[in-house]
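What follows is a set of notes on a single structure, which appears directly below.
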């Protein structure tokens, strides 16, 4: 095994938080798959002993649930708040949301999204979470359009124009 990287030395100098473990688990999910999220892999990635994991989580499933909850929060309420702050008009909020999915290069968030959806194909609880997130996203869009006083036909046309 090689020497710890600069990031690993910095992490060792400060106490790891649950968020550090969630981020490391998310990285493994993105770069490998759900099966890579194991305590030895996480510990190696963070440059700490396996025992460090147990300060924050009793079992790997607790970490997996925390990764899923982190994704849910970031991809629903956090996105909705940013969209609402992007502008006072419905059009501004929708343009902000649509810009998130039209970025020229894949972002970390899009990689997380793909990985979570891939995970959902093999895990019923994760699939339920994905469905709940999709329902929240649709409700937010319905609220944007409904709150803007858009007739149903115009809503579809506006959305198609904004997506171009």
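Quick note: the coordinates plus some simple rules give every number you see, no bench work behind them. In this text, all values refer to a predicted model and were calculated from it rather than measured experimentally. Neighbour counts run over all protein chains shown; Cβ positions are idealised from the backbone, glycine included.
Brief remarks on what is shown
- Spin-label pair residue 36/residue 138, simplified geometry with 7 Å Cα→Cβ offset, distance in nm: 3.2 nm
- Rg(Cα) / (2.2 N^0.38 Å) computed for the stretch 13-67, rounded to two decimals: 0.98
- Here the calculated FRET efficiency for residue 23 and residue 125, from their Cβ-Cβ distance with R0 = 25 Å, stands at 0.70, rounded to the nearest 0.05.
- The mean sequence separation of alpha-carbon pairs under 8 Å and at least six residues apart, normalised by the residue count of the stretch 13-67, gives a relative contact order of 41 percent.
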